[in-house]
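Peer 1: First the structure, which I've put down as structure tokens, then a few questions once you've had a look.
The values are calculated or read from the model by the stated rules, or taken from the named source; none is laboratory data. This one's a predicted model, so the numbers in the text were calculated from it and none came from an experiment. Cβ sites come from the backbone with ideal geometry, for glycine too, and all protein chains shown count toward neighbours. Surface areas here come from the heavy atoms of the whole protein model, side chains and all, with no ligands, DNA or RNA. Shrake-Rupley method; radii C 1.70, N 1.55, O 1.52, S 1.80 Å.
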Amino acid sequence: MRKITCFLVFIFTTISFSQNKTNLKITESKAFTDKVMSQRVVSIHSTPNGLTGVIRISKKGLLFDVFDASLERIKNGLIRIETKEKYHANLSFGNSMKIFTIFSPSRKERVVYCHEFNLVNKTYKKTKLFKADVEKRQSIFSGSNKRETGFAISPNGDYFVVSTDDIKKHSNSYTVRVYNSKTLELIYKKKFQENTEKYYSANDLSIDDNATVYALGKLFLEGRYQKKDGKANYDFIFNKISNSEIQTKKVSFDKERHISSLIISNINNKIQLIGFYSDKKAGRIKGTLMYDVDTLSMDIKALSSYKLPEMVYKDLYSTETAKSKKDKGAELSSYYVDYVITDSKENIYLLAEEFFITQVYVSNGMNGGYTQTTYHYNNILVIKLNKEGELEWGRSIFKRANSPSYNAFVKDDELHVILNSGKNLTDKGDGRVKVSKGWFESTSLFDIVFNEKGKVQYNKIQDNKGKTFYKPYYGVYDGERFITISRSSGKKQFLILE
């Protein structure tokens, strides 16, 4: 038995991957203790003058903390909410953090509230935004899209929009409500995509500095199936909504090509549509595509489309398999866009994570059983496009996780992906590096860095064993530094990377 054990130790030692130490400056704040236990972080935000706000959920309500530039806690408060009032979304800009909750006083009534926290004045107020009637237990924010499609804030922070789903038994429509971010005054309310025959599914939402709303979604031709007779059964519809009018435009693409998801990129009020396409079926990915939108003429021009480069496959499969998949036009599946980031040269980094759900029935013998649901947050696809929309390079991070696990930012024109993995990354011996945790393995926090040419380095920030475990998914990058909070339910700390 000892010989076998030693052999296994030798194997695991030889396949472990050598990591560098991160070049980022690492700082940890002083620990602080909560009097009220919190369940999860829902928002972290930094103000222009260096204050940091953190809002968490507890069984008793919302926990609100303010920290100074040195991350010393200077404000702590508990905001109690109703029993049937649930957190849904958050928006932050400048000195303000906004948390949106849904109160369900009855089966047919929903009330949306805005909880507003001012980090400078350390004040709080709760405002009722609107009430909506629903059929039975229908949600006003339906859909399982990984990307938020119900809330958006303008680039200058002056306005925000709330888009609700008004689906009834015999009708289908959406309503947008635009608010002044400072006063929470309703600027206008518009209903769009009213249809008694065709089903519309929201894909993304944006609002510009003039309070004009852009909503992107699928309008199904028949029923709600993605395909019919082997072809796409939907049109992508781009909606421009203002106080005075509503304009809609179909996004033209080859019916033999399937675009499962498009997002709206609103950088400095320049509207572009970015997504992935497939030649086989909706939900798969063969390449990337980009559209330019002239918001005045509503002209939507196909700017570029590119097949995934071979390096994307090489990061996921063995060299031989990667070449075969590339040659055969193999496609990836179940990827959802998480980040669209620009650097100082207006290059665009597109990051999408493989996300899917599996369910298994677990039998308890004579006592029946239960359904076990597992969430898979796996590989990350990284694409770099220049400002003209041309593909610079594409890479993948070979990853496995069961919860939201990563964050990303660009610093000094390098892309940083921050995540937790097993202590020793696995070198597969064929050029691939697997980012995952073994059964008995401790974890480490990593900084995966892509330079301007797409060359990757796997840099370790810390080994988590015996240290504070930080959750990068809930972090925030303020242009100078990345801040995230620890997982511990007792004493908590901040990690600063700069």
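Rundown of residues vs (1) more than 30 Å from Ser486 (Cβ to Cβ); (2) of a type in the set (A, V, I, L, M, F, W, C), yes/no style:
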| residue | (1), (2) |
| --- | --- |
| Val337 | no, yes |
| Val360 | yes, yes |
| Asn364 | yes, no |
| His376 | no, no |
| Leu381 | no, yes |
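Peer 1: Hey, another quick one. Hey, among Ser104, Ser142, Ser173, which residue is out of contact with any Gly (no Cβ under 8 Å at 6 or more places or on another chain), at pLDDT below 85 and either buried (at least 18 other Cβ atoms within 10 Å of the Cβ) or not in a loop (DSSP other than H, G, I, E, B) (or both)?
Peer 2: Selected residue: Ser173, the only one of Ser104, Ser142, Ser173 that is out of contact with any Gly (no Cβ under 8 Å at 6 or more places or on another chain), at pLDDT below 85 and either buried (at least 18 other Cβ atoms within 10 Å of the Cβ) or not in a loop (DSSP other than H, G, I, E, B) (or both).
Peer 1: Would you be able to say whether some residue in the range 322-333 is assigned to a strand (DSSP E or B) and open to solvent by 20 Å² or more (accessible area, probe 1.4 Å)?
Peer 2: Yes, the conditions are met somewhere in the range 322-333.
Peer 1: Take the conditions more than 21 Å from Ser96 (Cα to Cα) and over 22 Å from the mean Cα position of the chain (by Cα) and apply them to Tyr174. Does it pass?
Peer 2: yes
Peer 1: Determine which member of the set Glu148, Glu135 is exposed (fewer than 13 other Cβ atoms within 10 Å of the Cβ) and modelled with pLDDT under 90.
Peer 2: Testing whether each residue is exposed (fewer than 13 other Cβ atoms within 10 Å of the Cβ) and modelled with pLDDT under 90 leaves just Glu135.
Peer 1: Checking the conditions here, which among Ala330, Ala302 is among the aliphatic types (A, V, I, L, M), without any contact (Cβ under 8 Å) to a residue 60 or more places away in the chain and closer than 24 Å to Asp430 by Cα?
Peer 2: Residue meeting the stated conditions: Ala330.
Peer 1: Moving on. With respect to Leu129, is the statement that it is at pLDDT 95 or above, open to solvent by less than 20 Å² (accessible area, probe 1.4 Å) and either in contact with a Cys (Cβ under 9 Å, 6 or more places away or on another chain) or closer than 22 Å to Asn239 by Cα (or both) true?
Peer 2: No.
Peer 1: Residue by residue through the range 48-62, note down the ones that are in contact (Cβ under 8 Å) with a residue 60 or more places away in the chain and within 20 Å of Gln493 (Cβ to Cβ).
Peer 2: Leu51, Thr52, Gly53, Val54, Ile55
Peer 1: Could you check the range 423-474 for strands (runs of 3 or more DSSP E) lying wholly inside it with 3 or more residues that are closer than 24 Å to Phe409 by Cβ and among the β-branched types (Val, Ile, Thr)?
Peer 2: Strands (runs of 3 or more DSSP E) meeting the threshold: 443-450.
Peer 1: Just checking, which of Ile259, Ile237 is modelled with pLDDT of 90 or more, assigned to a strand (DSSP E or B) and either open to solvent by less than 50 Å² (accessible area, probe 1.4 Å) or charged (D, E, K, R) (or both)?
Peer 2: The match here is Ile237.
Peer 1: Check Pro404 against each of (1) within 14 Å of the chain's Cα centre (by Cα); (2) part of a strand (DSSP E or B); (3) over 23 Å from Glu320 (Cβ atoms); (4) not small (Gly, Ala, Ser) and name the one condition it does not meet.
Peer 2: Here Pro404 meets the rest and fails (2).
Peer 1: What's the number of the condition Thr358 fails, among (1) within 22 Å of Val456 (Cα to Cα); (2) modelled with pLDDT of 90 or more; (3) assigned to a strand (DSSP E or B)?
Peer 2: That leaves (1) as the condition not met.
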